[in-house]
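Here's the structure, in structure tokens; my notes come after.
Nothing in this text is a laboratory measurement; each read-out follows from the coordinates by a stated rule. Model, not experiment: these values are computed from the prediction. All Cβ positions, even for glycine, are placed from backbone atoms using ideal geometry, and neighbour counts span all protein chains on display.
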Amino acid sequence: MIRFEQVTKRYPDGTTAVDGLSFEVSEGELVTLVGPSGCGKTTTMMMVNRLIEPTSGRILVGGEDIVTVDPVLLRRRIGYVIQQVGLFPHRTILDNTATVPSLLGWKRARARARAAELLDLVGLDPHTYGARYPHQLSGGQRQRVGVARALAADPPVLLMDEPFGAVDPVVREQLQDEFLRMQAAVRKTVLLVTHDIEEAVRLGDRIAVYGQGRIEQFDTPGAVLGTPASPYVAEFVGADRGLKRLSVTAIEPGDLEQPPIARLYEPAGQAADRLRSQGARWAVVLDTHGDLHGWAGIDELGAGGTVGDLAHRMNAWVPVGAPLKQAFGVMLQHDAGWVAVLDGARFLGVLTPTKLHEALRRSVDADALGVSRGQVTFDSVADA
Ligand SMILES: Nc1ncnc2c1ncn2[C@@H]1O[C@H](COP(=O)(O)OP(=O)(O)OP(=O)(O)O)[C@@H](O)[C@H]1O
């Protein structure tokens, strides 16, 4: 959808901001550009909507070389969100949001209806906020309006330059979450500039890590964190990249351990005998549908009755597909040695600290080998 071919930008004073850049952003993909100050991220982005013209090379948007497209028409297809949101101070939030549709000649009622819909989409109730003026909103709310305004004409491409930069870390995380939810619904092709590796990892389907004017690595967050392409990238992503990686690695069914199972309605003595013969100390207790009920220890099962009479409820669980970090968090919160992993209510298995570590190691190996995690055997983990 956006393609850079050997793009170089040299400013008149001789500064080479971007040097022979080639990469591609697929349709519906969110790519984050991350790197230290002055490495050329903003220059890269502003060349896409022709606010800056490259010195050499080509940029294609939707297969079209953008030098052949009138800049005004080009910018209508490209939403642009910047850190200083730049709302018109004397216009209401609704009118600010409707700016682009109005410029496009939409009828007032249609433009305003569209603006209301978008305010809703970014989590601002149009009835509450639509009639306010920018100074009557918090910084975070103004940034949401900036996003709504950029989406107003439904452009296929969105450029975002530090869109969540000007707010405190808590609001920032909220805005990121909202943005991800929204992006899952609208699936724009997004290029997002940030200098914050946490943000890049959290938001990007892929990340471009910049050195000076060049991309040092262009890959998924997991791969950048797991197998940095150079010492520079390793340093940039930080010594705690293992921890960061936990938050971008999803739990897969193949990661799980299968503990002994006891059924809710089976006689406790029978379950205890089975555990004893397997040398196990406890079992996960499931109901007749295979849904998680809780767990029971072998010592308690000696008391007679059914397993259900004696089982403990189990609240330490996470959904399959959740990040490993969430499982780790739940383990700590419940001071538990394992967490159950569920698909809906259905029990799939448990994640223990050892299994969690294995999953992380396997995902690093899988990224390095370019295969799925399931194809990496435990032996290769043990050898690693
Ligand atoms: N108009 C200009 N004339 C000369 N040099 C410029 C101009 N604009 C940017 N530069 C230089 O080009 C380089 C890249 O700048 P750019 O703004 O693209 O970096 P950035 O990665 O977005 O930085 P930041 O994170 O600080 O915004 C910098 O060295 C900058 O000083």
Checklist entry - Which percentage, to the nearest 5, of the DSSP beta bridges contained in the range 253-358 is antiparallel? => result 70 percent
Next on the checklist: I want the antiparallel fraction of DSSP beta bridges within the chain, as a percent rounded to 5.
Outcome noted: 55 percent
Next on the checklist: If I stretch the segment between residue 220 and residue 65 completely, what's the gain in nm (0.36 nm per residue apart, minus their alpha carbon distance), one decimal?
Outcome noted: 53.1 nm
Checklist entry - What does the charge add up to near residue 346, with Lys and Arg as +1, Asp and Glu as -1, over the other residues with Cβ less than 13 Å from its Cβ? => result -3
Checklist entry - Pulled fully out, how much extra length does the chain show between residue 184 and residue 227, if you take 0.36 nm times their separation in residues and subtract their Cα-Cα distance? => result 12.8 nm
Checklist outcome for this item: Under the 7 Å Cα-to-Cβ spin-label approximation, residue 332 and residue 110 lie apart by a distance in nanometres of 5.3 nm
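Which peptide among 295-306, 320-331 comes first, and what is the full order, when sorted by highest mean count of other Cβ atoms within 10 Å?
320-331, 295-306
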Checklist entry - What residues of the range 208-234 lie in the reach of a label at residue 8, counting those whose backbone N is under 14 Å from a point 7 Å from the Cα along Cα→Cβ? => result 213-214
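So for the range 2-246, averaging the separation of alpha carbon pairs under 8 Å that are six or more residues apart and normalising by length, what relative contact order in percent results? Mind dumping the intermediate values first?
Working: 453 pairs, mean separation 64.7, N = 245.
Worked out over the range 2-246, it gives 26 percent.
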